[in-house]
1. Could the peptides 122-134, 322-334 be put in order, highest first, of the mean number of other beta-carbon atoms found within 10 Å of their residues?
2. Please work out the Cα center distance from the stretch 190-239 to the stretch 63-108, rounded to the nearest Å.
3. Could you tell me which residue out of 256, 307, 273 lies farthest along the dipole of the stretch 211-329 toward its positive end? Charges go on the beta carbon: Lys and Arg +1, Asp and Glu -1, centred on the Cα centre.
4. With +1 on each Lys and Arg Cβ and -1 on each Asp and Glu Cβ, and nothing else charged, work out how big the dipole of the stretch 342-419 is about its Cα centre, in Debye to the nearest 20.
5. How much net charge surrounds residue 37 when only other residues with a Cβ under 13 Å from its Cβ are counted (Lys, Arg +1; Asp, Glu -1)?
6. Just grab the label-to-label distance for residue 100 and residue 332, each label 7 Å out from Cα along the Cβ direction, in nm (one decimal).
7. What do you get for the angle between helix 17-28 and the principal long axis of the chain? Use alpha-carbon atoms, 0 to 90 degrees, nearest ten.
8. For the charge dipole of the chain, defined by +1 on Lys and Arg C-beta atoms and -1 on Asp and Glu C-beta atoms about the Cα centroid, which residue among 96, 319, 153 has the Cα displaced farthest towards the positive pole?
Amino acid sequence: MKPPAAIDHVIVVGAGVIGLACAHYLNKAGLRVTVIDRATVGSGCSYGNCGYICPSHVLPLTEPGAIATALKSLFNPKSAFRVTPRWSPTFWNWMWQFARCCNQRQMLAAGRHLKAILDSSLDEYKRIVREESLECEWTEKGLLYVLQTEHGMEEFAKNDRFLTENFGVTAKRIEGEALPTFDPALQTGLAGAFHYPHDVSIRPDLLNAAWVERLRTRGVTFIENCELRQIKKAAGQITHLETSVGDMQADRIVFAAGALSARLATTLECRIPIEPGKGYSVTMERPAVCPQHPMLFPEHRVGVSPFRTGYRLGSMMEFSGFNATISAQRIQQLRDSAKPYLVEPFTDGPQQTWFGWRPMTWDSLPIIGRVPRLSNAFLATGHNMLGVSLATATGRLIRELLLDEKPHIDPAPFSPLRF
Ligand SMILES: Cc1cc2nc3c(=O)[nH]c(=O)nc-3n(C[C@H](O)[C@H](O)[C@H](O)COP(=O)(O)OP(=O)(O)OC[C@H]3O[C@@H](n4cnc5c(N)ncnc54)[C@H](O)[C@@H]3O)c2cc1C
């Protein structure tokens, strides 16, 4: 495809999964693409996450019960969902707006918008992974939500009914006695599980590496250790970027800087209400009795990712600012959370501990679209807990908006104008 003559070169700021997806679609549209990153490609939040591409995750974090959970967490240092109060008007405004969204009406509305972009993204992934032969441990085994207690089972059943009635997303219910046959890595005596068969999983670091390699062969330029420091503007446009390796110019600029995008708000003259939602993972060798399915344990809020080349436990949602420490206690908690469920919950060999800052918006929706006051700038950020799942549709939407093509899904709910 030939782009309009006025657009030749696009710079994408941020080489996480969102930046890579944007680069993919812009490159396919025939544009010259340069991706810059302050660190190395795929080393931010897109590195050590759980790797679920999960259309079953239609419900946003802004559920009616979320505020009660947040308040309880103030008094429980072991809570997987934790808010650390700090003096910051921006943070408290974010929390206030988040609290306002935690109601049934807004949860349903956000869920409908998420469903559209989740479904589109999965379709796009299926095509891209096949066409580009991306070696990323693509696995079509669904996602299994395992419950320890009967109470948990009944609560989850309500949730599943709600998803069926409102979004047409239905799980297969598996009773406790059938679980060890369904997945022999699960202990006996668990209450049961719900299996969402259409979810997919990948190994995120492999996806990033394979995608970068493919994009490089197609002519996309990657510049690592290149930090965006200043944005120079004139007449409602960005004229050039000042980076740690020198000045850069392009016809269009896409900002895909993940949780750090919020720092660009003043210079981009628009609101980017993103708070870092810190999560952790620990990756180790596969246990001898390794789960056959990616799993979530909702009562302990932990995810299990059985890769072909390893095994990962991931979880937690901490609102503690840009805190970059990994406490041994949180990692131990991750390991302990898997104990009630799995025959062999972890292995004792070498382990890689990791944290990532999820880019959390207060309404649980990503921010995708043109920067209101700068005609050649676009935002692709704020993907919350679903950046991997939403990347491809985001990249496609960015291409469509940037080239004034007809968008394949309604972009209005994701517009930066909504703030
Ligand atoms: C424990 C955990 C588990 C998760 N599991 C899943 C899952 O199973 N499925 C799912 O869909 N999502 C999951 N997520 C969420 C997902 O990881 C994120 O939503 C996603 O990685 C965000 O991608 P991104 O490209 O926006 O951000 P990032 O990957 O953080 O990329 C942003 C990049 O921008 C660069 N950057 C920032 N500022 C600048 C600057 N000034 N100059 C140059 N470069 C800059 C950074 O260096 C970084 O590389 C999980 C997250 C966590 C923490």
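Computed from the coordinates by the stated procedures, all read-outs in this text should not be read as laboratory data. From a predicted model like this one, the values you see are computed outputs, not experimental measurements. Note that each Cβ is placed from the backbone with ideal geometry, even for glycine, and that neighbours are counted across all protein chains shown.
1. On the way: 122-134: 15.8, 322-334: 14.2.
Final packing ranking: 122-134, 322-334.
2. 28 Å
3. 307
4. Numbers: 7 positive and 7 negative charges, 81 e Å.
In total the dipole reaches around 380 debye.
5. Details: positive: 38; negative: 224, 227.
Once all neighbours under 13 Å are counted, the net charge is -1.
6. Modelled inter-label distance: 4.2 nm.
7. On a 0 to 90 degree scale, this one is about 50.
8. Checking the options against the dipole of the chain, the answer is 96.
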